[in-house]
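Here, each number is a calculation from the coordinates, and none is a lab measurement. Predicted, not measured: the structure shown is a model, and the values here were computed from it. Please note: Cβ atoms are built from the backbone with ideal geometry, for glycine as well, and neighbour counts cover all protein chains shown.
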Amino acid sequence: MNFREIVTKAVIGKGKKTIKNSYNMKTEEIPNTVLGCWVINHKFSGNKENDLIKVNGNFDVNVWYSYDNDTKTSVSTKNFSYNEVLKLNKIENNSTSEEIVVRSLKQPSVTNVEIKEGNVVMDIEKELGIEVIGDTKVKVNVEEDEDDYEILEDVNEETKIEKDIDEEVKEDYIN
């Protein structure tokens, strides 16, 4: 048997993690009731340092609340940054040209929100997926076939007719 090695890029490490953090937001007025809270503009990137994957990201949180004894409403927006350090347990090889791909498997969302001491306190949950892509080798068995091409017949009728006509023409006919 004859083997060949193919060098290609492949996923050499993969993992996911659900992360839950608490955040505080100070609003312009002292809120009475939180009417709505949502997360938008999630941006992130990741890089590998030694055996750890570091993900840096940020998102905006909008809080709609009532104040002044629930007679007025307002919306406050704040940008929050985060830094997550994750460890992948299985990375197949130590490739020199690794690429880190970070995906948001579950966008950040507010799971709980309440007012404490005049501030809005919210729990935000997100799920990140990490892939490490690197060079790897695949061994394949190569079979050596002599001539594995099938001989094809003409299927075009015009070509067949022209061929028949050429065989019947006599060059000395005019003489």
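Computed values, structure above
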{"read-out": "Filter result (within 12 Å of Val55 (Cβ to Cβ) and either surrounded by 15 or more Cβ atoms within 10 Å (Cβ to Cβ) or not small (Gly, Ala, Ser) (or both)) within the range 66-86", "value": "Tyr82, Asn83, Glu84, Val85, Leu86"}
{"read-out": "Residue match in the range 1-12 (condition: more than 19 Å from the chain's Cα centre (by Cα) and either surrounded by 11 or more Cβ atoms within 10 Å (Cβ to Cβ) or among the charged types (D, E, K, R) (or both))", "value": "yes"}
{"read-out": "Selection count where residues are in contact (Cβ under 8 Å) with a residue 24 or more places away in the chain and over 18 Å from Lys126 (Cα atoms), scope the range 35-62", "value": "6"}
